Amino acid sequence: MSTEIESARAHFPIFKNKIYLNSCSQGALSDAVEASLQEHIRSWHEHGSPWDRWVEEYEAARTAFARFIGAAPEEVAVVTSASAGINSIASALDFGKRRKVVMGEFEFPTMGQIWLAQERRGAEIEFLPAQNGKICPECYSRAIDDQTLIVPLTHVCFMNGFRSEVAPIVKQAHERGALVMLDDYQDCGTRPIDVKALDVDFYVSGALKYLLCPSGIAFLYVRPELISALTPTITGWFAQKNPFAFDVKHLDLATTARRFETGSPPLPHAYIAPAALKLLDDFGREKTAQHIKSLTRALMDGARDLKIKVKTPAESVGPLVVLQMKDADAMVKKMAADNMVVSNRMDGLRVSFHLYNTLDDVHAVLAQLEKNRTLAVVE
Ligand SMILES: Cc1ncc(COP(=O)(O)O)c(C=O)c1O
């Protein structure tokens, strides 16, 4: 193990007892995140209700995330889940002229469900089928037309780790006047992100996976030209120009992306998010991406040597590798009995990598696969 990885891993106490490979569900808890939460608790104990200070921290979280994705703070809403951010945008769109919402069947269920709920407001949802574990840009190209309002697009699929080709899909959507919403929840934190270079209209991610935070905070970026043109009907006092005007009789939405927020912000998380983002930046995001790629290659090569069917497309750079099982649930339990934390979705065993994982972790997974080969689908 390189000394750099070793010292990064030392910030995550779970590795004293377990081999943790489940960042696709929940990132591991670091000492830095724990200390920042303690800091919030300390300020609560000491001052009781220091809301002025807490609101400053919440703005600091917005600024930290905006910097992390190459956006301005005014372009970022701090929300309590990815679903909350997506719902806010869905509520603001008008399905009168353009009705179609085109998305792949690899989206996380919340994405399908939120847009399906808009059918009552006139939306028509078209799901694109996957072929051989992929949904290709041509498939989007055939479906996106001048009736398409928006294309929700998961960057990495939670079920098989497939990585969407964002650039051509964004280009095709924009050429036909459609918007693109990138859901980066299964990748945000594993590599550098430049939301402007991606050229997406909306970018959403929660923080509990590769951003190493607890559940309860997520972020929504909105392209600046769109912010004032969108009026969400899901709203609340923290979406107003001045929440502290306490004006019950007027709806006066902020002119920044804060207009996509609703009620009291997740204040403990406002302390946590900047600490987690700093940890990721201190390690280096390009380095994280390279490290994850090498672990991904090692696991996929090893699984192929064992002739175990890999559901993740062969060229994957991670962070999620999914192996096909006859009984994925039993495999998760077998591994848990040996202090390894992984997860499953349907017939797929999900193994995910972050900066704190090592080649030894990969070897431990391969040893388990070899030992329990009867539970796997073998080619
Ligand atoms: C890709 C993706 N999008 C969205 C979600 C759900 O986000 P939230 O629970 O914050 O609404 C998840 C959760 O696992 C996810 O993996």
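The values are calculated or read from the model by the stated rules, or taken from the named source; none is laboratory data. All values reported here derive from a predicted model rather than from experimental measurement. Note: ideal-geometry Cβ built from the backbone for every residue, glycine included; neighbour counts use all protein chains shown. Note: areas computed on protein heavy atoms with side chains; ligands, DNA, RNA excluded. Shrake-Rupley method; radii C 1.70, N 1.55, O 1.52, S 1.80 Å.
Of K334/K371; K307/K371; K18/K326, which ones are farther than 19 Å apart at the Cα?
K18/K326
Quick one: which of K134/K311; K209/K287; K287/K311 span more than 22 angstrom between C-alpha atoms?
The answer is K287/K311.
Where both partners of a DSSP beta bridge lie in segment 124-225, what percent of those bridges are antiparallel, to the nearest 5?
45 percent
Would you calculate the convex hull of the Cα atoms in segment 50-280 and tell me its volume per residue in Å³?
Enclosed volume per residue, from the Cα hull, is 112 Å³.
With both partners inside segment 50-280, how many of the DSSP beta bridges are antiparallel, as a percent to the nearest 5? Walk me through the numbers before you get to the answer.
On the way: 12 of 27 bridges.
Antiparallel: roughly 45 percent of the beta bridges in segment 50-280.
For M103, what is the net charge nearby, where nearby means another residue's Cβ is under 11 Å from its Cβ and Lys, Arg count +1, Asp, Glu -1?
Charge balance in the 11 Å sphere: -3.
Mind putting a number on the dipole of segment 50-280 about its Cα centre? Charges go on the C-beta only, +1 for Lys and Arg and -1 for Asp and Glu, and I need it in Debye to the nearest 20.
Once rounded to the nearest 20, the dipole reads 80 debye.
By a straight-distance test (C-alpha under 17 Å), which lysines pair with K196 as possible cross-link partners, with residues fewer than eight away in the same chain excluded?
Within the straight-line limit of under 17 Å, K196 reaches these lysines: K171.
Run the helix sum for the chain: -39,500 (n - 2.57) per DSSP H stretch of 4+ residues, divided by residue count, reported at 222 nm to the nearest 500 deg cm²/dmol. Please list the in-between numbers first.
Details: 13 runs with 148 residues, N = 379.
Taken over the chain, the calculation gives -12000 deg cm²/dmol.
Quick one: ranking C139, C24 by accessible area, 1.4 Å probe, largest first, what do you get? The partial results should precede the final answer.
Values: C139 20, C24 0 Å².
Ranked from most to least accessible, the order is C139, C24.
Sort H40, H47, H174, H11 from largest to smallest accessible area, using a 1.4 Å probe on the heavy atoms of the protein chains.
Ranked from most to least accessible, the order is H47, H11, H174, H40.
Under a straight-distance cross-link criterion of Cα-Cα below 17 Å, which lysines are reachable from K241, leaving out those fewer than 8 residues away in the same chain?
Once the sequence-local lysines are set aside, what remains near K241 is K249.
State the percentage of accessible surface on the chain attributable to carbon and sulfur atoms; use a 1.4 Å probe and exclude ligands, DNA and RNA.
Carbon plus sulfur share of accessible area: 54 percent.
Run a plain Debye calculation on segment 276-370 (Cα atoms as equal point scatterers, no solvent) and give log10 I(q)/I(0) at q = 0.10, 0.14 Å⁻¹, rounded to two decimals, same order as the q list.
Debye output, listed in q order: -0.26, -0.50.
At what distance in angstrom do the alpha carbon centres of segment 165-184 and segment 279-299 lie from each other?
So the two Cα centres are separated by 27 Å.
Cross-link candidates for K100: which aspartates and glutamates have Cα within less than 14 Å, leaving aside residues fewer than 8 places away along the same chain?
Of all the aspartates and glutamates, those that pass the test against K100 - Cα under 14 Å, at least 8 places apart if same chain - are E119, E124, E126, D145, D146.
Using the Cα centre of the chain as origin and beta-carbon charges of +1 (Lys, Arg) and -1 (Asp, Glu), tell me which of L323, A82, F158 is placed farthest towards the positive end of the dipole.
Ranked along the dipole, the leading option is L323.
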